[in-house]
Amino acid sequence: MDTNNASAALRELARQVADKARECRKIAVLTGAGVSAESGIPTFREAQTGLWERYDPVMLASVDGFRADPANVWKWYDERRQTMSKSRPNPGHEALATWEKLVKGQGGAFTVITQNIDNLHRQAGSESIIEMHGNIWYVRPVDAPFNEAFLLDECPLVEIPPRDERGRMLRPHVVWFGEMLDPDNLEAAFSLAVQAELFLSIGTSTAVYPAAALPFEAKRRGAVVVEINPHETELTRFADFSLAAPSGVALPLILDQLRADGA
Ligand SMILES: NC(=O)c1ccc[n+]([C@@H]2O[C@H](COP(=O)([O-])OP(=O)(O)OC[C@H]3O[C@@H](n4cnc5c(N)ncnc54)[C@H](O)[C@@H]3O)[C@@H](O)[C@H]2O)c1
């Protein structure tokens, strides 16, 4: 489906969301793996194909799995980095970046809170971004705090597992199963949800906590909640607007309406 083939019902919903958005100065957006699906980045489960099928996801994405076999975990991350290096932002990412500029140009606030680690929001031009689950292009020494993360964009990696100049083994700067999120990011994300007048939940199953709590918290505090997801989720029946379409179709439709209205 592209924007030309969007149904009349979807266009009407996009118009209603744009109408609501025009009244709001504080907008927060939660994104998940679905927003990058149209960029060809597989969801977590889909990334476990071929050689990786026989691995327990917890062993590829947990501290215990990393301690047991760091080279194997790094090989999997190196492959994912190679896939992601070929991916480009899609019209959904681009629409969010343009929307942010429109809102900020009018003195409003617009932040993307993403569970994605693929860096595509930044590549598309979004500026206010909270990466709740880290960034696959960053690394930090094993056992080092979050603020010691640094960019390592060599792709593919020459040395697996990679080490820093002091010989310390590095790990991907991503949040693994059972790990705590960066408390500063978490606090900032909840603060945005509480203050948001409009909250969009896009391409996420709203099943992975604590990120999944954000749209519910926003709703409880009075925000208008919009969901964009081709499939029903736990959030769908609580959302004020539910656009059952790919984000690469629905977001440009909303943006077209905002621009048409001179927002
Ligand atoms: N791109 C990435 O950085 C990336 C990739 C895989 C997983 N992850 C992370 O791993 C965790 C688990 O992820 P998961 O894969 O189960 O994702 P998820 O739980 O965030 O669910 C993905 C959702 O996207 C929806 N979706 C699929 N295609 C869509 C589209 N074109 N437009 C809008 N929505 C669409 C699906 O219906 C599903 O509800 C999350 O933290 C996720 O963000 C990140």
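The values are calculated or read from the model by the stated rules, or taken from the named source; none is laboratory data. A quick note: this is a predicted structure, and the numbers were derived from the prediction, not measured. All Cβ positions, even for glycine, are placed from backbone atoms using ideal geometry, and neighbour counts span all protein chains on display.
D256 satisfies every condition listed in (1) of a type outside the set (A, V, I, L, M); (2) in contact (Cβ under 8 Å) with a residue 60 or more places away in the chain; (3) within 12 Å of the ligand (Cβ to nearest atom) except (3).
The rows are residues; the columns are (1) of a type in the set (D, E, K, R); (2) at pLDDT 95 or above; (3) assigned to a helix (DSSP H, G or I).
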residue	(1), (2), (3)
N4	no, no, yes
L10	no, yes, yes
R15	yes, yes, yes
P42	no, no, no
A47	no, no, no
L51	no, no, yes
V58	no, no, yes
F66	no, yes, yes
R80	yes, no, yes
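Within the range 77-100, count every residue that is farther than 21 Å from E227 by Cα and either more than 15 Å from the chain's Cα centre (by Cα) or surrounded by fewer than 18 Cβ atoms within 10 Å (Cβ to Cβ) (or both). Walk me through how you get there before you give the answer.
Initial filter on the range 77-100 (farther than 21 Å from E227 by Cα): 77-88.
From what is left, the residues that are either more than 15 Å from the chain's Cα centre (by Cα) or surrounded by fewer than 18 Cβ atoms within 10 Å (Cβ to Cβ) (or both) are 77-83, 85-88.
Of the residues in that region, 11 qualify.
For the range 209-233, a residue qualifies if it is exposed (fewer than 15 other Cβ atoms within 10 Å of the Cβ) and within 10 Å of the ligand (Cβ to nearest atom), and the qualifying residues are H231, E232.
Being away from the ligand (no atom under 13 Å from the Cβ) and in contact (Cβ under 8 Å) with a residue 60 or more places away in the chain is the filter here, so list the residues in the range 190-202 that pass it. Show your work before the answer.
Here is the first cut: in the range 190-202, the ones away from the ligand (no atom under 13 Å from the Cβ) are 190-199.
If the condition is that a residue be away from the ligand (no atom under 13 Å from the Cβ) and in contact (Cβ under 8 Å) with a residue 60 or more places away in the chain, then L192, A193, Q195, A196, E197, L198, F199 are the ones that fit.
If you go through the range 133-149 and keep only what is more than 11 Å from the ligand (Cβ to nearest atom), outside any strand (DSSP E or B) and either of a type outside the set (V, I, T) or under 14 Å from N185 (Cα atoms) (or both), you end up with D143, A144, P145, F146, N147, E148, A149.
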